[in-house]
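Any read-out appearing in this document is the output of simple, stated calculations on the displayed coordinates, not a laboratory observation. If you're wondering where the values come from, they're calculated on a predicted model, not measured in any experiment. Positions of Cβ are generated from backbone atoms using ideal geometry, with glycine treated the same way; all protein chains shown enter the neighbour counts.
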Amino acid sequence: MAKSSLRLEAIELRKQGQSIKEIAQNLQVTKSSVSAWVKDVLLNEAQFLALQARITEGRKRSRLLNSLNWQKRRLELAKLYKNEGIKRLGTLSKKELLVAGITLYWGEGSKTKKEVKCAILIPV
């Protein structure tokens, strides 16, 4: 198709309320070309609001997908670290597990002004 016919078609599609990106994809031309061709076409309020709503929905969908991708990565890393820990430590005896648990519990005291206070007191 000649550029002039593409330009006319782009103007018509914009008058129907299509986005610049959609028009560029439909006509297989660059967005910058479409933008230049339709810069004088004004959208009515309903068309403008419809485009804004689609943009907002697209952003929401993008944020959700990004969040899900990060969640998947975090779970994969947690699994990787767990497997690496098991590989390095092997199995712990009951006594070793008890000592590790007590140490963690003991370390959970309050922490203020460069001072650590124990959560429990163990008689010596």
- Rounded to the nearest whole number, the Stokes-Einstein translational diffusion coefficient of the chain at 20 °C and 1.002 mPa s (Kirkwood radius, C-alpha pairs) in µm²/s is 102
- Task: Would you work out the relative contact order for the chain, in percent, from Cα pairs under 8 angstrom that are 6 or more residues apart?
- Result: 14
- Per-residue ³J(HN,Hα) for the range 64-75, Karplus 6.51 cos²θ - 1.76 cosθ + 1.60, θ = phi - 60°, Hz, x for Gly and Pro: 5, 4, 4, 4, 5, 5, 5, 4, 4, 4, 4, 5
- Query: Relative to the first principal axis of the alpha-carbon coordinates of the chain, what is the inclination of helix 94-106, with its axis defined by its Cα atoms, in degrees from 0 to 90 and to the nearest 10?
  - Reply: 70
- Length added when fully stretched, F48-N83, from 0.36 nm per residue minus Cα-Cα: 7.3 nm
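What translational diffusion coefficient, in µm²/s and rounded to a whole number, does the Stokes-Einstein relation yield for the range 1-42 at 20 °C and a viscosity of 1.002 mPa s, taking the hydrodynamic radius as the Kirkwood radius over Cα pairs?
After rounding, the answer is 221 µm²/s.
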- Item | Charged-residue dipole, Cβ positions (Lys, Arg, Asp, Glu), the range 43-90 about Cα centre, Debye nearest 20 | 380
- Note on the structure: Taking a ≥ b ≥ c as the square roots of the eigenvalues of the Cα gyration tensor, with a/c under 1.5 meaning rounded and otherwise prolate when a/b exceeds b/c and oblate if not, the range 19-59 is oblate
- Which of W37, W70 comes first, and how do the rest follow, when ranked by fewest Cβ neighbours within 10 Å? W70, W37
- Per DSSP H run of at least 4 residues, take -39500 (n - 2.57); add these up for the chain, divide by its residues and hand me the 222 nm value, nearest 500 deg cm²/dmol. -23500 deg cm²/dmol
- Determine, from the Cβ-Cβ distance of K39 and K72 and an R0 of 41 Å, the FRET efficiency 1/(1 + (r/R0)^6), rounded to the nearest 0.05. 0.50
